[in-house]
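Data first, discussion second: the structure below is written as structure tokens.
The values are calculated or read from the model by the stated rules, or taken from the named source; none is laboratory data. None of the values given here were measured: they were computed from a predicted structure. Cβ atoms come from the backbone with ideal geometry, glycine included; neighbour counts cover every protein chain shown. Surface accessibility is based on the protein's heavy atoms, side chains included, excluding ligands, DNA and RNA. Shrake-Rupley method; radii C 1.70, N 1.55, O 1.52, S 1.80 Å.
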Amino acid sequence: MRLLGLLMCAWVSVMNLAFAKAVILPVRFAQDVSVALVTLDINGTPTQFMLDSGSQIPLHLPMSTLQNLPQVAREADDYLSTDIAGNIIKTAKFEIKHLNINGMDFDHIQAVELQKWGFGFSSDPSEKLPPEPDENLPVIGLTLFANHVLTLDFAHQNIRVDDIDEDAQNDDKWVALPYLYDPQEGLIVELADQNKTYRLVIDTGATMSMVAGKSLPEHLKQGVDLSLNKQNEAAVRLDKNGKPETINIYLDNPAVKKLAIRAVIIDNMPKEFNADGLLGMDFLKKYMLRIDQKNQKLWIKAA
């Protein structure tokens, strides 16, 4: 599995176009890796992107792409971020004055140079690690669509961009979901096991959900034995048989269909990570999300 980093600053892009119709973006998943890939037409050139809702930066682009785009200005300061493995990453940052993406006009978009981040593991130690996504794939964050309503429907492999919330208002299967927005980590919702409620970041860049060991109830913290070389970095907690330890978590909302999400326990999360864990693609393939960032609304329904 690959967990992608949570960046620590919020930048907002501006889209000028008011939609008369919804824009539907087909999604596919990288072979053997549950990472959402979206092809966007950038200034007339089709480009494949990885969607990472855990990133608060609208665009992560290779330097070669940034250098070939018109109206791009390098900003004076570099951008510092911390990934989920605790690595500090220094990247160049830019402002793109204008882009046309799938017929939508964007102005004053913040972008950073694409860098590798995160770490990988398998939920089953008997299996080989799945192949990681192409490190050269550019990345988009949810903030690219900050002024519009975004529906993530990964069960049916599409993303919808529009300007209305009528679907959620007229479809009684959509349920308003309380959430918090952390400018460093993104959208946070609550799921619970039988002992505790956890604050979890919605992250399309994570192939599986996870919970930080430090956030578990006391009886689940006992007997943790990390090897010496893992004491200062994030590590998957293993049981006595060498298999990853997991807990089952659920949406604690009687109006939403209750589906179990198996979250892997990760110890020694970096101190910069304030939430209790991540909700990855295993969650997002079971539930559809409709996100209105501009009006700070979120709806959910079983896929």
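Just to check your reading of the model, which residue among 266, 202, 300, 249 is under 28 Å from residue 143 (Cβ atoms) and in contact with a helix residue (DSSP H, G or I) (Cβ under 7 Å, 6 or more places away or on another chain)?
Numbers: 202 fails: in contact with a helix residue (DSSP H, G or I) (Cβ under 7 Å, 6 or more places away or on another chain); 300 fails: in contact with a helix residue (DSSP H, G or I) (Cβ under 7 Å, 6 or more places away or on another chain); 249 fails: in contact with a helix residue (DSSP H, G or I) (Cβ under 7 Å, 6 or more places away or on another chain).
Answer to the check: 266.
Could you check how many residues of region 62-78 are open to solvent by less than 50 Å² (accessible area, probe 1.4 Å) and in contact with an Asp or Glu (Cβ under 6 Å, 6 or more places away or on another chain)?
Summing the residues that are open to solvent by less than 50 Å² (accessible area, probe 1.4 Å) and in contact with an Asp or Glu (Cβ under 6 Å, 6 or more places away or on another chain) in region 62-78 gives 1.
I'm checking my understanding of the structure. Among residues of region 276-303 that are open to solvent by less than 10 Å² (accessible area, probe 1.4 Å), of a type outside the set (A, V, I, L, M, F, W, C) and under 13 Å from residue 203 (Cβ atoms), which one is nearest to the chain's Cα centre (by Cα)?
The initial filter retains those residues of region 276-303 that are open to solvent by less than 10 Å² (accessible area, probe 1.4 Å), namely 277-281, 283-284, 287, 289-292, 298, 300.
Still in the running and of a type outside the set (A, V, I, L, M, F, W, C): 277, 280, 287, 290, 292.
If we keep only those that are under 13 Å from residue 203 (Cβ atoms) as well, we get 277, 280.
Numbers: 277: 12, 280: 7 Å.
Looking at residues that are open to solvent by less than 10 Å² (accessible area, probe 1.4 Å), of a type outside the set (A, V, I, L, M, F, W, C) and under 13 Å from residue 203 (Cβ atoms), I get 280.
Are any residues in region 23-70 under 13 Å from residue 111 (Cβ atoms) and not polar (S, T, N, Q), and if so, which ones?
42, 49, 57, 58, 59, 60, 61, 62, 63, 66, 69
State the number of residues belonging to region 181-195 that are closer than 18 Å to residue 287 by Cα and open to solvent by 70 Å² or more (accessible area, probe 1.4 Å).
1
Among the numbered criteria (1) closer than 28 Å to residue 147 by Cβ; (2) of a type in the set (Lys, Arg); (3) part of a strand (DSSP E or B), which single criterion is violated by residue 294?
Condition not satisfied by residue 294: (3).
Looking at region 257-281, which of its residues are within 15 Å of residue 54 (Cβ to Cβ) and not small (Gly, Ala, Ser)?
266, 269, 270, 272, 273, 274, 276, 278, 279, 281 - these are the residues of region 257-281 that are within 15 Å of residue 54 (Cβ to Cβ) and not small (Gly, Ala, Ser).
Since residue 232 meets every condition but one in (1) open to solvent by 80 Å² or more (accessible area, probe 1.4 Å); (2) modelled with pLDDT of 90 or more, which condition does it not meet?
Unmet condition: (2).
In the list 122, 81, which residue meets the criterion of being within 19 Å of the chain's Cα centre (by Cα), modelled with pLDDT under 85, not in a loop (DSSP other than H, G, I, E, B) and not aliphatic (A, V, I, L, M)?
Working: 122 fails: not in a loop (DSSP other than H, G, I, E, B).
Criteria check complete, one pass: 81.
Given the conditions (1) open to solvent by less than 10 Å² (accessible area, probe 1.4 Å); (2) small (Gly, Ala, Ser); (3) without any contact (Cβ under 8 Å) to a residue 24 or more places away in the chain, which single one is not true for residue 260?
Answer for residue 260: the failing condition is (1).
Based on this model, can you work out whether residue 97 counts as at pLDDT 90 or above, surrounded by 13 or more Cβ atoms within 10 Å (Cβ to Cβ) and under 30 Å from residue 266 (Cβ atoms)? Walk me through it before giving the result.
Numbers: at pLDDT 90 or above: yes; surrounded by 13 or more Cβ atoms within 10 Å (Cβ to Cβ): yes; under 30 Å from residue 266 (Cβ atoms): no.
Against the criterion (at pLDDT 90 or above, surrounded by 13 or more Cβ atoms within 10 Å (Cβ to Cβ) and under 30 Å from residue 266 (Cβ atoms)), residue 97 does not qualify.
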